[in-house]
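Peer 1: Sharing a structure with you now.
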Amino acid sequence: MNPILLQFTFIIGLLEAAPMVLAAVGFTLIYRLNGFVNVAYSENLTIGAYTGVVLNTMLGLGFYVAIIPAVLVSGLFSVATYLLVFRPAMRRGVNKTELIIMSVGLSFLIRYGLTMVFGVLPYPFTHDRTFIRFLNIGITDLQIVCLILAALVSIFYLMFMFRTNYGEKMRALSDNEQLAKTSGINPLRVTIMIWFMAGVAGGFAGVFLGVFSIVVPWLGWYEILFIMMITIIGGIGSVPGAIVAGLATSILRSGVTLMSDSYAGAVTLLVLFIVALKYQAVRKGGIKT
Amino acid sequence: MISFLTSGFFASMLSFLAIYVALTVILHLQANVAGVVNFGIAGFWGIGMYATSIFLLRFNINFWISIVLGAIVTGLIALPLARILLNLDGQAVLVGTLAFASIVENQIFVNREITGGSRGLGTIPMPIDVGPYRFIVYGLVVVAFVVALILYAWKLKKAPFGRLLFSIRDNELLSRSLGKPTFRHKIIFFAITCGLIGLFGGLTAPLHSFLLPMMVSPTVTFTAWIALMLGGQSKISGAVIGVLATEFVFFYLLRVILPLPAEAAQMVPFFIYAAYGLMLVLVLMFKPTGIMGGKRRGN
């Protein structure tokens, strides 16, 4: 592989990793806590992106200012899905597989509801970009700022998980709910907190995805498989794993895309994804033949 | 009345309803009898549809032989996938099959020389050419296939092989300790049922007459799942009722009976999918056994 291509791969991959890492962190938090694949998480990205773009283009807020309400709305949406759908379902004893099917239904409801409100036409963010030439690649200042923001948010989430009281409570709750309850942890409060944080991370990812291209109703849905793949490769439920795997797979994806046509990239990664599923099952010892 | 019954509209409605009933019944067999959560129906269905059309158009093979070949191809593709996935837990199977379906959609899009890519593949003629009645005659043939499938499903649940599958679903360890090669049976059953999905994919090809990659979208998968969940996942009748309740009521009655202005009519498909989603959530929340009821099984 020639060095220029390698350079391109790394830079493009790194810049594209910003939204994917954040989305994977949010996704993995929910899995860690509640133990099911929440497909409706994709709609957090979409809702974040739409909130951002509406504030940006219709109310004329600057892009960086619009991020804040966008991620808050996405976080609240995430909490709402938990309180209105998943919590009652879990209390009614709906099993894990049915919860996933339910989350697919919820995702349909939100996605097509948004389509009815906003239509299928794309909404672009209005934001002036300065193009910078960096190591022979044209990149924008926006991409760099997003990358830095993503790094800061990721570090914050890591600190939260491993350095704060809440993070400790959350890990306790996901490992052993009974024990956590007897130690005086309020499970509802911690769970709401986690769903909110996951939604906020998803909102960031959605806004970044939207500003890098356009905002459409299926923005989150198109990425959800890739997000699941990242979290599974990184060890589902692990926040540091999600961050590392997000960076690695984004760089790999850009490499494969640069070397062949863009669709081969998606296929390679999906194959890798099935391999990762298999590998983790073997490592867990949960495999039965 | 006779002219309506022989019209292309009625024939197409009947055929598509029958195809969805078939997919949902097969899904019931996989999910409820064998305990495999298949979220890649669209993928297998698409392979069958495209393989049949390719045999028919590119190799000039007779339509009915093409359908059988298409089903065999689908089954052979499902076999290694089953070997890789089926010994993982339910969530992994779900995600893995979903990923498989998206690979299929991608590959149909990319391999333009074979599948026609986004330019499409066509035209697939109606296989039984009996003048103006060709649509309804073909529709009745599709219905006959579906009736045969339902009879097979009904027999299977009473046959020793069906009982074996139930026992694997309920307690695989116990079943294995009784000397049954459980994993092999699961793989073979999955491959056969996926082959059947491919067969019905092949039967769909003349109905579309012109194939596009976007037809192989996950929507097909979810439509079948929603129908099954709504109708009742543990009964064959549930699959039939579920399809009638979703496809028929939403797609046909809503469009035929309600006179909508043009702008609102554009919104109807979105409204339908949003309503599907809402229904799925509500059914699982309040009546997880569906309309037809029956016992519920936990994982």
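The values are calculated or read from the model by the stated rules, or taken from the named source; none is laboratory data. What you see is a predicted model, and the numbers here were worked out from it, not measured in a lab. Please note: Cβ atoms are built from the backbone with ideal geometry, for glycine as well, and neighbour counts cover all protein chains shown. Just so you know, the surface numbers come from the protein's heavy atoms only, side chains and all, with ligands and any DNA or RNA stripped out. Shrake-Rupley method; radii C 1.70, N 1.55, O 1.52, S 1.80 Å.
Peer 1: Considering only residues that are surrounded by fewer than 17 Cβ atoms within 10 Å (Cβ to Cβ), of a type in the set (A, V, I, L, M) and touching a residue at least 12 places away in the same chain (Cβ under 8 Å), which ones fall in the stretch A:40-75?
Peer 2: Answer for the stretch A:40-75, where residues must be surrounded by fewer than 17 Cβ atoms within 10 Å (Cβ to Cβ), of a type in the set (A, V, I, L, M) and touching a residue at least 12 places away in the same chain (Cβ under 8 Å): just A:72.
Peer 1: If residue A:83 passes every condition in (1) closer than 17 Å to residue A:236 by Cβ; (2) open to solvent by 60 Å² or more (accessible area, probe 1.4 Å) but one, which one does it miss?
Peer 2: The failed condition is (1).
Peer 1: Condition first: more than 30 Å from residue B:285 (Cβ to Cβ) and among the β-branched types (Val, Ile, Thr). Now tell me which residues in the stretch A:45-99 satisfy that.
Peer 2: A:53, A:54, A:57, A:65, A:67, A:68
Peer 1: Failed condition for residue A:116, given (1) within 23 Å of the chain's Cα centre (by Cα); (2) facing chain B (nearest Cβ under 7 Å); (3) open to solvent by 50 Å² or more (accessible area, probe 1.4 Å), with all others met?
Peer 2: In the conditions (1) within 23 Å of the chain's Cα centre (by Cα); (2) facing chain B (nearest Cβ under 7 Å); (3) open to solvent by 50 Å² or more (accessible area, probe 1.4 Å), residue A:116 misses (1) alone.
For (1) modelled with pLDDT of 75 or more; (2) away from chain A (no Cβ under 14 Å); (3) in a helix (DSSP H, G or I), each residue gets a yes or a no:
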position	(1), (2), (3)
B:245	yes, yes, yes
B:248	yes, yes, yes
B:264	no, no, yes
B:273	yes, no, yes
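Let's see how each residue does on (1) over 22 Å from the mean Cα position of the chain (by Cα); (2) assigned to a strand (DSSP E or B); (3) surrounded by fewer than 20 Cβ atoms within 10 Å (Cβ to Cβ):
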position	(1), (2), (3)
A:97	no, no, no
A:121	yes, no, yes
A:126	yes, no, yes
A:160	no, no, yes
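Peer 1: Name the residue, out of B:103, B:41, B:108, that is under 30 Å from residue B:171 (Cα atoms) and within 14 Å of chain A (Cβ to nearest Cβ). Let's see the steps before the verdict.
Peer 2: Values: B:103 fails: under 30 Å from residue B:171 (Cα atoms); B:108 fails: under 30 Å from residue B:171 (Cα atoms).
The conditions single out B:41.
Peer 1: Got a sec? Which helices (runs of 4 or more DSSP H) wholly within the stretch B:172-239 have at least 1 residues that are away from every other protein chain (no Cβ under 12 Å) and either modelled with pLDDT of 85 or more or within 22 Å of residue B:146 (Cα to Cα) (or both)?
Peer 2: B:182-208, B:219-231
Peer 1: Those residues that are more than 8 Å from every other protein chain (Cβ to nearest Cβ) and either of a type outside the set (Ser, Thr, Tyr) or part of a loop (DSSP other than H, G, I, E, B) (or both), I need them from the stretch A:82-95; list them, please. Outline the logic, then answer.
Peer 2: We begin by selecting, within the stretch A:82-95, every residue more than 8 Å from every other protein chain (Cβ to nearest Cβ); these are A:82-84, A:86-87, A:90-91.
Of everything in the stretch A:82-95, those that are more than 8 Å from every other protein chain (Cβ to nearest Cβ) and either of a type outside the set (Ser, Thr, Tyr) or part of a loop (DSSP other than H, G, I, E, B) (or both) turn out to be A:83, A:84, A:86, A:87, A:90, A:91.
Peer 1: Looking for something within 10 Å of chain A (Cβ to nearest Cβ), in contact (Cβ under 8 Å) with a residue 60 or more places away in the chain and open to solvent by 10 Å² or more (accessible area, probe 1.4 Å) - is there at least one such residue anywhere in the stretch B:64-76?
Peer 2: Our first condition is that a residue be within 10 Å of chain A (Cβ to nearest Cβ); within the stretch B:64-76, this holds for none.
No, the stretch B:64-76 contains no residue that is within 10 Å of chain A (Cβ to nearest Cβ), in contact (Cβ under 8 Å) with a residue 60 or more places away in the chain and open to solvent by 10 Å² or more (accessible area, probe 1.4 Å).
Peer 1: List pairs: first residue in the stretch A:173-187 and surrounded by 13 or more Cβ atoms within 10 Å (Cβ to Cβ), second residue at pLDDT 80 or above and outside any helix (DSSP H, G or I) anywhere in the structure, Cβ distance under 8 angstrom, at least six positions apart or on different chains.
Peer 2: Between residues of the stretch A:173-187 that are surrounded by 13 or more Cβ atoms within 10 Å (Cβ to Cβ) and residues that are at pLDDT 80 or above and outside any helix (DSSP H, G or I), the close pairs are A:173/A:185; A:174/A:35.
Peer 1: Going through B:119, B:58 one at a time, which residue ends up being open to solvent by 60 Å² or more (accessible area, probe 1.4 Å), at pLDDT below 85 and within 22 Å of residue B:204 (Cα to Cα)?
Peer 2: On inspection, the qualifying residue turns out to be B:119.
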